[in-house]
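The values are calculated or read from the model by the stated rules, or taken from the named source; none is laboratory data. Because the structure is predicted, anything quoted here is derived from the model rather than measured. Don't worry about glycine lacking a Cβ; one is built from the backbone with ideal geometry, like all the others, and counts go over all protein chains shown.
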Amino acid sequence: MRPRRLAVLAALAIAAGAPACRRAAPARPPEAAAGRLVAQRREGERLLDLPAQATYCKGDSLLLVVAVGERWSAGFTARGRFPLDSARTYTVHPAVAGDGTASVALRGVTDSVRPALLGSRGTLRLEPGRAATGRFEIVAPPVPGTGTLQYVVGAFRAVPVADSASSCGQLPRTP
């Protein structure tokens, strides 16, 4: 009888701990209107929905998309060929490195105390075409004093991409 009781207690302990071990379901990125970048916390709090601008530097293989507003600013850089013939997923890091990497950052313009939300990991997906269209999901470090990671999802659609050939090619190359 004692082994059965231990088995029941073990099953209850596992069942009680299981919800804490589960990862939260990834949030669906918000919909972006043409020419805009939208970002929100995974829980649904909208951070920004702003007109965006984009440039591509063929010499450095860098696509840069930025959106600046009165309350928030955001942007990302992706290293690789553009425009794309097919969809491509980039790996997000705090800094852009070789081909296939990206960096995503968001900053509350009115908040000079909290650090920017800089993606330490995640993905950025670009769709094919001459305009920048896609989505991103990033994880940023916790707010100081907390242990809670910050999850942000975003989207951008049909952002016209200007050629920055006259001012690009000045950055050092990485392998």
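So the values come out like this:
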{"read-out": "Residue match in the range 144-152 (condition: surrounded by 13 or more Cβ atoms within 10 Å (Cβ to Cβ), of a type outside the set (A, V, I, L, M, F, W, C) and in a loop (DSSP other than H, G, I, E, B))", "value": "no"}
{"read-out": "Tabulated pairs, the range 119-142, first within 16 Å of Ala39 (Cβ to Cβ) and free of Cβ contacts under 8 Å to residues at least 60 places away in the same chain, second buried (at least 19 other Cβ atoms within 10 Å of the Cβ) and of a type in the set (Asp, Glu), C-beta under 7 angstrom, 6+ apart or interchain", "value": "Gly122/Glu137; Thr123/Glu137"}
{"read-out": "Within the range 62-72, tally of residues that are surrounded by fewer than 18 Cβ atoms within 10 Å (Cβ to Cβ) and touching a strand residue (DSSP E or B) at 6+ places or on another chain (Cβ under 9 Å)", "value": "4"}
{"read-out": "Qualifying residues in the range 114-158 (those that are in contact with an Asp or Glu (Cβ under 6 Å, 6 or more places away or on another chain) and of a type in the set (S, T, N, Q)) - the one nearest to Pro30 (Cα to Cα)", "value": "Thr133"}
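Every residue, every condition in (1) modelled with pLDDT of 95 or more; (2) not basic (Lys, Arg); (3) not in a loop (DSSP other than H, G, I, E, B), yes or no:
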| residue | (1), (2), (3) |
| --- | --- |
| Asp99 | yes, yes, no |
| Ala102 | yes, yes, yes |
| Ala105 | yes, yes, yes |
| Asp111 | no, yes, no |
